[in-house]
Amino acid sequence: MSKTAFITGIAGQDGAYLAQFLLGKGYKVHGLVRWDSASEPYEGRSRINALRLNSQNLTLHMGDITDANALTALIKKIKPNEIYNLAALSQVHVSFQTPASTLDINTNGTLNILEAVRILGLEKSVRIYQASSSEMFGSTPPPQNEHSSMMPCSPYGVAKLAAYHLARTYREAYGLFVSNGILFNHESPLRGEDFVTRKIARAVVEFEQGRTEPLKLGNLDAMRDWGFAEDFVKGMWLMLQQKMADDFVLSSGEAHSVRTFVERAFSYIGVEIDWQGEGESEQGIDAQSGRVLITIDAQLFRPLEVNYLLGDASKAAKTLGWAPETDFETLIGLMINEERNISQNGSGPWLKAG
Ligand code: F7E
């Protein structure tokens with residue numbers, strides 16, 4: 001009999017890739033999508049559409065992770081074998097502007113899932129994946145693994161850390177099968193346009209096509225461990241196929257600065273960046289033409305920054321047999337190529353059919 005999965009946040013980058021992965025494994029997939037009055041219902045379908053996930057095994061439900069009663073009723077109706085809690089306010093910088101709703105969505109939303117499963121008495125029949133984040137490590141020095149201390153530096157990180165502890169508590173107190181995936185940054189052409197990698201990839205292609213206005217960026221020296229989202233969703237699934245629930249770091253194991261990402265992305269289109277000036281006056285110049293391509297916008301700095309994330313995913317490698325398959329250079333290349341396709345045709349050929 002085929003398994004049933006329920007994905008909150010199915011309209012996001014990870015939700016869309018996970019849905020594609022699970023449909024490929026023969027799952028019936030149910031997804032939670034928020035109402036958006038500003039656009040067609042299920043506006044978030046755009047990523048689902050990009051992946052051409054129009055399988056009859058896919059059902060979308062309108063709802064919201066913060067609506068506990070409706071969520072409980074939905075879980076009762078769907079009777080999932082696996083729940084993937086990916087719904088979140090995921091932009092760290094936005095969480096400084098909307099701290100209360102960040103806690104409501106990222107912490108209370110998680111609590112709503114855990115409570116629903118407990119209240120419905122589904123402890124023994126449902127497995128839960130909780131999307132935890134490397135942002136929980138915050139200022140803890142690299143490399144970070146499951147034993148590193150957690151010192152979050154944003155309302156987002158605090159909210160995710162509280163949700164992580166709720167998951168652990170429900171696992172120990174009530175015997176729920178709930179695993180935390182502590183994922184380091186993971187990117188793709190489906191990444192939202194306000195995350196730095198997608199913002200850079202898009203700008204590089206625009207420059208290739210004649211853009212003249214410089215790209216504004218914030219902190220160029222933050223170090224991040226960037227992997228490919230499609231590799232990471234397989235790790236989420238593997239966590240729920242184990243005998244015991246547990247917590248796992250998933251990461252690429254390589255850290256690069258935002259500056260390096262910029263340099264490699266431009267070098268992909270044959271442009272060498274020459275950095276001139278310092279601090280807010282620093283500029284990235286096209287070494288050949290002298291044209292200004294990058295400027296610094298102080299507004300894009302965060303009130304508090306996570307300086308250095310570098311994951312150690314050796315536990316996931318040993319226990320789950322998981323390893324990232326896409327390296328940094330390949331990731332940049334595929335994001336730029338897809339951006340070219342998107343600018344020409346609206347989407348690209350490498351996005352597989354579901
Ligand atoms: O920033 C710097 C910025 O917004 C990366 C989320 O998925 O990963 C993600 O969080 C770095 C930061 O991602 C700009 O200051 C410079 O140091 O792409 P980001 P993030 O904050 O690391 C973790 C693991 C999550 O869980 C989150 O949900 O880039 N940066 N200039 C910039 N960042 C942005 N967004 N825009 C800039 O112009």
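The values are calculated or read from the model by the stated rules, or taken from the named source; none is laboratory data. Predicted model only: the values in this text are computed from it and were never measured. Ideal geometry is used to build each Cβ from the backbone, glycine not excepted, and the neighbour counts take in all protein chains shown. These area figures cover heavy atoms from the full protein model, side chains too; ligands, DNA and RNA do not enter into them. Shrake-Rupley method; radii C 1.70, N 1.55, O 1.52, S 1.80 Å.
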Next item on the list: Could you grab the pairs with beta carbons closer than 8 Å, sequence gap of 6+ or different chains, first residue in region 291-302 and part of a helix (DSSP H, G or I), second one more than 9 Å from the ligand (Cβ to nearest atom)?
Entry: Ala298/Glu280
Next item on the list: Would you mind stating whether Gly157 is crowded, with 17+ Cβ neighbours inside 10 Å, within 12 Å of the ligand (Cβ to nearest atom), part of a helix (DSSP H, G or I) and among the small types (Gly, Ala, Ser)?
Entry: yes
Item checked: Of residues in region 115-140 being in contact with a strand residue (DSSP E or B) (Cβ under 7 Å, 6 or more places away or on another chain) and in a loop (DSSP other than H, G, I, E, B), the one farthest from the ligand (Cβ to nearest atom) -> Val126
Item checked: Subset of region 197-218 [open to solvent by 40 Å² or more (accessible area, probe 1.4 Å) and near the ligand (Cβ under 10 Å from one of its atoms)] -> Lys199, Lys216
Margin query: Considering only region 184-196, I want to know if a residue exists there that is open to solvent by 10 Å² or more (accessible area, probe 1.4 Å), in contact with a strand residue (DSSP E or B) (Cβ under 6 Å, 6 or more places away or on another chain) and not in a loop (DSSP other than H, G, I, E, B).
Written below: yes
Note to self: Could you tell me how many of the residues in region 82-113 are hydrophobic (A, V, I, L, M, F, W, C), away from the ligand (no atom under 16 Å from the Cβ) and either within 24 Å of Phe184 (Cβ to Cβ) or not in a helix (DSSP H, G or I) (or both)?
What the structure shows: 2
